[in-house]
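The values are calculated or read from the model by the stated rules, or taken from the named source; none is laboratory data. Since we're looking at a predicted model, the values are computed, not measured. FYI the Cβ positions are ideal-geometry reconstructions off the backbone, even for glycines, and counts take in every protein chain you see.
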Amino acid sequence: MKKTYIIAVLSVVSAFGLSACGGGASGSPAPAETGTIAVNIEPVEGFFIEGFEVGIRFETPDGTPISSTLWSDFVTSQGDPELEDFYTSVLEETVPAGELIVIGEANVGIGPGPVTPDIDGEMRCRLPVTVPANGTVAVEVTFSDPDNCLRLA
């Protein structure tokens, strides 16, 4: 009986490429290093009466999307937000370390509410960043220049 059990265990270990020391098979690639992009809204005096909306997308330099969100979706996903949370929250996105592109659009409501950016389509602002392994790049969204709404903070 014990010989059958040992053979069964060795068969399972062999089938899944596990080593006796744990982990994956030898020669497996190491996990990719990651870093963080921290996005915040520039400090503004007071609040926008009709509100604002920001679209953010993170991509590789060749245009492969990593993730995207609307600012309002991000803030409301944090719980039951107060008005000031839309201005003071910080979006922290874990991304692969290296060269990336932050793409965004910041719209303020004037009269009617703000236009919602198409987070999967064209957005006006592009900011190339270099994310260090285990480090953070701080990016700020600004409302003062619609075509250059992203800057390093």
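Here are the numbers for the structure shown:
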quantity	calculated
SER72 within 22 Å of ARG126 (Cα to Cα), free of Cβ contacts under 8 Å to residues at least 40 places away in the same chain and of a type in the set (Ser, Thr, Tyr)	yes
Some residue of segment 125-133 being more than 24 Å from GLY35 (Cα to Cα) and over 14 Å from the mean Cα position of the chain (by Cα)	no
Restricting segment 95-123 to residues that are under 11 Å from PHE58 (Cα atoms) and of a type in the set (A, V, I, L, M, F, W, C), the residue that is farthest from the chain's Cα centre (by Cα)	ILE119
Residue that is farthest from GLY104 (Cα to Cα) [pool: residues in segment 43-90 that are of a type in the set (Val, Ile, Thr) and surrounded by 15 or more Cβ atoms within 10 Å (Cβ to Cβ)]	VAL75
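For (1) part of a strand (DSSP E or B); (2) modelled with pLDDT of 95 or more; (3) of a type in the set (S, T, N, Q), each residue gets a yes or a no:
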| site | (1), (2), (3) |
| --- | --- |
| VAL9 | no, no, no |
| SER14 | no, no, yes |
| GLY23 | no, no, no |
| GLY35 | yes, yes, no |
| GLY55 | yes, yes, no |
